[in-house]
1. Tell me, which residue of region 401-419 that is within 24 Å of residue 306 (Cβ to Cβ) and over 22 Å from the mean Cα position of the chain (by Cα) is most open to solvent (accessible area, probe 1.4 Å)?
2. Give the residue, chosen from 82, 102, that is surrounded by fewer than 15 Cβ atoms within 10 Å (Cβ to Cβ) and within 29 Å of the chain's Cα centre (by Cα).
3. Quick one: in region 216-233, which of the residues that are β-branched (Val, Ile, Thr) and under 18 Å from residue 132 (Cβ atoms) is surrounded by the fewest Cβ atoms within 10 Å (Cβ to Cβ)?
4. For region 429-437, check the following and say yes or no: at least one residue is under 24 Å from the mean Cα position of the chain (by Cα), outside any loop (DSSP other than H, G, I, E, B) and more than 15 Å from residue 365 (Cβ to Cβ).
5. Give just the number: which of (1) in contact with a Leu (Cβ under 9 Å, 6 or more places away or on another chain); (2) in a helix (DSSP H, G or I); (3) closer than 30 Å to residue 400 by Cβ does residue 517 not satisfy?
6. Working carefully through the options 498, 416, find the one that is assigned to a loop (DSSP other than H, G, I, E, B), at pLDDT 95 or above and among the charged types (D, E, K, R).
Amino acid sequence: MEAKSPDSPTKSKGWSWMLLVIFFAALVLLACAFTLWYDVHRSRRSQHRPARPPRVVDEKYANALGVAMQFFEVQKSGKLVDNKIAWRGDSGLQDGREENLDLSKGVYDAGDDMKFGFPMAFTATMLSWAILEYGQHMQEMKQLKNAQDSLKWVTDYLINAHPSDNVLFIQVGDPEVDHNCWERPEAITEARPLIQVNISYPGTEVAAETAAAMASASLVFKSINKTYSQMLLKHAQQLFSFADTYRGSYSISIPQVQKYYNSSGYGDELLWAAAWLYHATGDQSYLKYTTGANGNSFANWGNPTWFSWDNKLAGVQVLLSRVSFFGSADTSDAENLGLQKYRRTADALLCSLLPYSSLATPNRTEGGLIWVTEWNALQYSVASAFLAVLYSDYMFWSGTPTLYCNGDQYEPMDLRSFAISQANYVLGSNPMKMSYLVGYSSDYPKYVHHRGASIPADANTGCKDGFKWLRSPSPNPNIATGALVGGPFLNDTYIDSRNNSIQAEPTTYNNAFIVGLLSGLLTASPKLPSFT
C-alpha cells in the first residue's frame, strides 16, 4: 500500500477539525473570561462606589452659613428695608442721580465705599449658582429667602445700571477720593461720579459678566417672579450682544480701573456669559458659541486655571461639564466634542486639587490650604473647593464613579473630602486655630479692614478725621458679621491688623464663594436640581 504523503487530504482534514475545535474552545474560554472580568469589575465598582453623604445636616456648616449670609446685609447700599445690621443705615441714596438713574442699591465692594460693577456682577453670578445648585439645602436652614433677597438687591441695581442696549454704568464713586477718606458710607458727602461703557468706550468683560449675572439670576427667579425673570433675561441677552459685538477691554477703554479691578482679558467672560445664557434659554446657538470658534479662541482647553473674579474659565469648564455629565438630546457631534474638551480640562483642574494625586498642585500651604497669591488668598481656595463639591455631585448623580488622574483613580467622595478640608481650614482647623469667617466661633479677626465696622455708628467724622479709627489700637466697635477676610500668608500666618488690607479686607465675591461651598457641604442633595 502506498504511504500517504504528509500533506495528504486526509491528514489536512484532521488538522482542520482540530483547529476548529481549538478555535471554538478559545472562544468559549474568552467569553467566560470576559464574563468573569465584567462581573468582578461590576462588583468592584459597586463595592468601591462611595456611599453618598448621609442626609444629616452638618451643624458646623449650618451655623457658618447663617453667619456668612449676613455679610451681604452688612454691604448693602440704599434705603435699607428690614435692616438686620444695627450699626448700618441708609446710604448712597443719591447714587446715579446725575444721570437720572437710581443706583442707590447694590453692595459696597469690600472694606471701602465703592461700587465696582465688575466684581459686583460676579458676586451675583456666584450667588445665583449657589442658589441654583444648593437652594434646597439653604431652604432647610431657612436661608434661601435671605439669599434670594440679597441677590435681588444686586440685580435691581444692575437693571438700573443698564438704561439702554449698549450702555452700562460700571462704577459709582471715585476710588482715588474714596481711598483718601476713611468714613462710614452713611456719612459720605463727597461726589460720587459714574463711569460707563458704551460703543465708543467698550467694556466686553464687564458687560459679559453682567449678562452672566442676569442670565443666572433669571433662572433663580423663574418660578418665583416670572415677570422679573423675563426682564433679567432680556437685559442679559442685550448685554451679551453688546459685549460680543463691540469687543474691547474695559481696562483699555477706561485706564483708571487698572489700579483696582484690572482685567486680564475678556474671552473668559464671553464664554461664561454664553454658557449661562444657554442654561437660561436652552438656545443651542449659545452652546455652539462656547464649543465652536470662540471656544477655540478663548477656552484654552487642556490648561487649567484658577477660578476668580478675573478669570472665569474654570467656572465655564465645570458649568459646561454639567451638560456633558447629564447630556442633551439636541447637541451635535461638534458640540459634544467641544463639551468633552471642557470636561477634560475640568478633570485636570480637579485632579490638581486632590492632595494625593500625582498631578497635585504645589500651590498650597503646609496646613493644606490651596494658596495662589498673598492678596485675598482665600478667594482661590474657597472657589476651588466650591468647584470640587459641585463636580463631586455631578459625578455622583450622573453615575460616574471615577475621576482618572494620570493613572490614579478617585471617587466623588475624594473631591468632597478636599472641599471639606478647605472649608474646615477656613472655619478654624488651621495652624492659627482661628476662624477666617468673622463672627463664627469665638476666635476670628477683630481688626477687619472695613470702614463701617471700624467706626462707631454714633461717631461724627468726615473724610479725613475718620482715619483715627483706622489707626486705633482698639478692635472694631462693630462686627462685620459674615465677612470672609483675605486670609493667611503662605506660611499659614495671619496678622490681625486693620492696616493689613492684604489679609484683613473682605470682599462680597469671597462671600458668594463661601456661601456656595457651605451650602454644598451642609448635607447630601436628595436629587440634582435642573436649571430649567
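1. 404
2. Details: 102 fails: surrounded by fewer than 15 Cβ atoms within 10 Å (Cβ to Cβ).
The match here is 82.
3. Initial filter on region 216-233 (β-branched (Val, Ile, Thr)): 220, 224, 227.
Narrowing further to those that are under 18 Å from residue 132 (Cβ atoms): 220, 224.
Numbers: 220: 27, 224: 11.
My answer is 224.
4. Filtering region 429-437 for residues under 24 Å from the mean Cα position of the chain (by Cα) gives 429-430, 435-437.
Going one step further and asking which of them are outside any loop (DSSP other than H, G, I, E, B), we end up with 437.
Remaining after also requiring more than 15 Å from residue 365 (Cβ to Cβ): 437.
Checking region 429-437: at least one residue is under 24 Å from the mean Cα position of the chain (by Cα), outside any loop (DSSP other than H, G, I, E, B) and more than 15 Å from residue 365 (Cβ to Cβ).
5. That leaves (1) as the condition not met.
6. Numbers: 416 fails: assigned to a loop (DSSP other than H, G, I, E, B).
Only one candidate qualifies: 498.
Per-residue answers, yes or no, for (1) closer than 28 Å to residue 375 by Cβ; (2) in contact (Cβ under 8 Å) with a residue 40 or more places away in the chain; (3) aromatic (Phe, Trp, Tyr):
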position	(1), (2), (3)
229	no, no, no
232	no, yes, no
237	no, yes, no
242	no, yes, yes
246	no, yes, yes
249	yes, yes, no
265	yes, yes, no
268	yes, yes, no
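Each row is one residue, and each column tells you yes or no for (1) open to solvent by 10 Å² or more (accessible area, probe 1.4 Å); (2) within 13 Å of residue 95 (Cα to Cα); (3) out of contact with any Asp or Glu (no Cβ under 9 Å at 6 or more places or on another chain).
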site: 125; (1), (2), (3): no, no, no
site: 131; (1), (2), (3): yes, no, yes
site: 139; (1), (2), (3): yes, no, yes
site: 142; (1), (2), (3): yes, no, yes
site: 147; (1), (2), (3): no, no, yes
site: 166; (1), (2), (3): yes, no, yes
site: 172; (1), (2), (3): no, yes, no
site: 180; (1), (2), (3): yes, no, yes
site: 188; (1), (2), (3): yes, yes, no
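The values are calculated or read from the model by the stated rules, or taken from the named source; none is laboratory data. Computed from a predicted structure; not experimentally measured. Using ideal geometry, Cβ is built from the backbone for each residue, glycine included, and neighbour counts are taken over all protein chains shown. Please note that ligands, DNA and RNA were not included when accessible areas were found on the heavy atoms of the full protein model with its side chains. Shrake-Rupley method; radii C 1.70, N 1.55, O 1.52, S 1.80 Å.
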